[in-house]
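Below: the structure, in structure tokens.
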Amino acid sequence: MLIYAHRGASSDFAEGSKAAYEGAIAQGADGFECDVRLTKDRQIICYHDRNTARLSKIDLEIAKTTYSELKEKVNPYRFDQLLDLAIENKKDLVIEFKHPVPTGGLVEKLTHKLLAEKANEIKKSEISISLISFSYLATLRNLKSGYQSAYLVQSKILSKINPAPIIGPSIKLIRENPEFVASSIKKGKKVFVWTVNNEEDLRLCEKLGVSAVMSDNPARARKLLGYS
């Protein structure tokens with residue numbers, strides 16, 4: 001089972017930051033999970049929330065603020081920088097597209113364009129790229145990218161409309177419905193579970209045949225599972 005760093009090694013560093021992703025490398029993560037949004041001037045940054053209020057003392061709406069303003073105030077990590085880091089260190093990359101956003105599907109379009117520009121480097125590094133979202137429409141757009149995609153769900157009902165080769169259930173759904181994994185695998189789907197941190201949940205996912213989990217502390221997850 002692969003251990004991906006959820007917003008980097010976010011239990012030890014500021015989530016989504018350069019330090020968090022460099023920390024994930026040091027912790028032996030198999031790959032990175034990141035959230036992407038567009039700034040006012042259409043720069044792709046790694047940021048989960050629609051604004052900066054939770055992670056800083058400043059309240060700026062990502063979609064209404066330029067990258068230069070954000071860099072000065074909160075210094076977000078650009079997605080192209082994370083992509084280069086993943087390629088250089090041969091770490092898989094799981095990219096989550098946040099919705100709804102004012103620019104609609106533009107964030108997917110620009111991310112797909114960047115991935116296409118880096119296609120040769122990605123291929124040479126042999127890393128896996130996965131595009132994920134809670135948005136059904138975004139998932140449909142991601143299916144056209146040439147990379148594997150996943151539909152994120154918190155209920156079994158939504159999983160029935162999953163058009164992607166990967167299903168991304170929450171750990172809560174798996175705890176309550178462990179048979180969900182076997183059912184998904186039987187349908188030919190890979191299963192990526194979020195966010196998995198404690199030993200009981202990690203061992204449950206491993207036992208059920210989950211392909212990958214998103215964890216805030218990759219080093220601890222690997223230690224608990226006895227991975228070298």
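The values are calculated or read from the model by the stated rules, or taken from the named source; none is laboratory data. None of these values were measured; they are calculated from a predicted model. No Cβ is skipped: glycine too gets one built from the backbone with ideal geometry, and neighbour counts run over all protein chains shown.
Tabulated data
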{"item": "Selection status of Ile161, at pLDDT 95 or above and either surrounded by 13 or more Cβ atoms within 10 Å (Cβ to Cβ) or aromatic (Phe, Trp, Tyr) (or both)", "result": "no"}
{"item": "Search result, residues across segment 117-157 that are touching a residue at least 60 places away in the same chain (Cβ under 8 Å) and in contact with a Phe, Trp or Tyr (Cβ under 9 Å, 6 or more places away or on another chain)", "result": "Ser128, Ser130, Ile132"}
{"item": "Residue within segment 18-31 that is touching a Gly at 6+ places or on another chain (Cβ under 7 Å), within 20 Å of Ser133 (Cβ to Cβ) and surrounded by 22 or more Cβ atoms within 10 Å (Cβ to Cβ) present", "result": "no"}
{"item": "Single condition Thr103 does not satisfy, out of (1) out of contact with any Lys or Arg (no Cβ under 8 Å at 6 or more places or on another chain); (2) in a loop (DSSP other than H, G, I, E, B)", "result": "(1)"}
{"item": "Verdict on Ala221 being within 17 Å of Glu96 (Cβ to Cβ), buried (at least 16 other Cβ atoms within 10 Å of the Cβ), among the small types (Gly, Ala, Ser) and in contact with a helix residue (DSSP H, G or I) (Cβ under 8 Å, 6 or more places away or on another chain)", "result": "no"}
{"item": "Flag for Leu2 being surrounded by fewer than 22 Cβ atoms within 10 Å (Cβ to Cβ) and under 19 Å from Ile129 (Cβ atoms)", "result": "yes"}
{"item": "Positions within segment 105-124 being surrounded by 16 or more Cβ atoms within 10 Å (Cβ to Cβ), of a type outside the set (D, E, K, R) and either in contact with a Ser or Thr (Cβ under 8 Å, 6 or more places away or on another chain) or under 14 Å from Leu83 (Cα atoms) (or both), in sequence order", "result": "Leu110, Thr111, His112, Leu115, Ile122"}
{"item": "Unique match (being of a type outside the set (Gly, Ala, Ser), within 16 Å of Lys113 (Cα to Cα) and surrounded by 21 or more Cβ atoms within 10 Å (Cβ to Cβ)) among Leu131, Leu143", "result": "Leu131"}
{"item": "Given (1) under 20 Å from the mean Cα position of the chain (by Cα); (2) aliphatic (A, V, I, L, M); (3) part of a helix (DSSP H, G or I), number of the condition Leu70 does not satisfy", "result": "(1)"}
{"item": "The one condition in (1) closer than 19 Å to Val193 by Cα; (2) in contact (Cβ under 8 Å) with a residue 60 or more places away in the chain that Leu114 fails to fulfil", "result": "(1)"}
{"item": "Residue identified as modelled with pLDDT of 95 or more and under 19 Å from the mean Cα position of the chain (by Cα) among Lys189, Lys124", "result": "Lys189"}
{"item": "Matching residues, segment 165-193, being among the hydroxyl-bearing types (Ser, Thr, Tyr), surrounded by fewer than 20 Cβ atoms within 10 Å (Cβ to Cβ) and within 14 Å of Val153 (Cα to Cα)", "result": "Ser170"}
{"item": "Elements of type helices (runs of 4 or more DSSP H) contained in segment 137-228, each with 2 or more residues being of a type in the set (Asp, Glu)", "result": "199-208"}
{"item": "Residue within segment 76-87 that is in contact with a helix residue (DSSP H, G or I) (Cβ under 6 Å, 6 or more places away or on another chain), part of a helix (DSSP H, G or I), closer than 30 Å to Arg222 by Cα and small (Gly, Ala, Ser) present", "result": "no"}
{"item": "Qualifying positions in segment 7-62 - touching a strand residue (DSSP E or B) at 6+ places or on another chain (Cβ under 6 Å), part of a helix (DSSP H, G or I) and hydrophobic (A, V, I, L, M, F, W, C)", "result": "Ala24, Ile62"}
